[in-house]
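One structure is given below, encoded as structure tokens.
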């Protein structure tokens with residue numbers, strides 16, 4: 001039998017906001033009991049893998065921190081491998097700020113930017129920023145126009161929460177794209193930089209399944225890199241979106257709960 005490795009998106013798949021989606025814990029426990037390799041991969045960079053582990057644990061899902069990949073973590077890993085050190089200006093949440101601090105190249109704070117330090121910035125790294133201000137956009141624009149490399153953690157224009165869809169990192173990136181006339185390097189799904197990271201985490205598997213809720217990131221990611229694309233309807237995209245976009249998953253399920261029966265049919269046995 002083929003060795004399957006599974007990638008789970010988080011927001012809209014395992015939970016929505018702070019509310020777990022029914023069946024998510026049972027699916028993860030089944031995979032653990034069968035020794036099936038899996039990782040969590042989120043385009044949200046506002047939290048660290050440690051914070052996501054705590055969030056999952058509060059929902060009864062116990063997984064090691066090392067199995068959780070954020071777009072912020074993937075950005076740090078990619079920058080370490082591919083770029084020369086240089087000062088970083090961050091537009092993003094605490095998770096991205098921590099990853100950029102961990103990079104060790106020096107982060108230019110908004111306070112330092114006000115004194116003219118933005119002129120020394122080599123990289124402007126942008127993710128979802130719940131505390132976004134015009135001033136951050138201003139200094140990001142100035143630094144990019146001054147020659148800094150423009151890097152985005154992920155392209156998601158929205159993300160699912162309890163009240164509905166909130167503005168995502170892609171909306172902030174679009175603002176900077178408009179004010180700089182520069183195209184960013186995007187690290188997260190559906191792009192190759194994060195695929196390199198997640199493939200290494202999964203190890204030697206014959207087939208990878210991507211379980212996600214967004215056509216333009218999760219499902220397109222699977223399509224680009226030869227993964228089995230499984231879409232759930234508990235997040236952003238709908239069946240109508242499939243028809244509208246032409247991005248077609250291999251399988252559509254109402255939620256991750258139905259994935260358990262599918263896994264049992266494929267792998268055999270109970271949990």
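The values are calculated or read from the model by the stated rules, or taken from the named source; none is laboratory data. Please read these numbers as outputs of a predicted model, since none were measured by experiment. Counting neighbours? That spans all protein chains shown, and the Cβs are built from the backbone with ideal geometry, glycine included.
Things to note:
- Screening residue 93 with (1) within 24 Å of residue 43 (Cβ to Cβ); (2) crowded, with 20+ Cβ neighbours inside 10 Å; (3) touching a strand residue (DSSP E or B) at 6+ places or on another chain (Cβ under 8 Å) gives one miss only, at (3).
- Filtered residues of region 183-235 (kept if in contact with a helix residue (DSSP H, G or I) (Cβ under 6 Å, 6 or more places away or on another chain) and within 17 Å of residue 263 (Cβ to Cβ)): 210, 212, 229, 231
- 3 or more residues over 22 Å from residue 27 (Cα atoms): qualifying strands (runs of 3 or more DSSP E) within region 159-269: 164-167
- Residues of region 111-131 satisfying the condition of being over 19 Å from residue 169 (Cα atoms) and crowded, with 16+ Cβ neighbours inside 10 Å: 112, 113, 117, 118, 120, 121, 122
- Taking the criterion of being without any contact (Cβ under 8 Å) to a residue 40 or more places away in the chain and surrounded by 19 or more Cβ atoms within 10 Å (Cβ to Cβ), the residues of region 203-252 that qualify are 215, 219, 220, 221, 222, 229, 230, 231, 237, 247, 249.
- Residue 156 vs. criteria in a loop (DSSP other than H, G, I, E, B), modelled with pLDDT of 95 or more and crowded, with 20+ Cβ neighbours inside 10 Å: no
- Residue in region 44-66 that is surrounded by the fewest Cβ atoms within 10 Å (Cβ to Cβ), counting only those that are in contact (Cβ under 8 Å) with a residue 40 or more places away in the chain and over 20 Å from residue 94 (Cα atoms): 60
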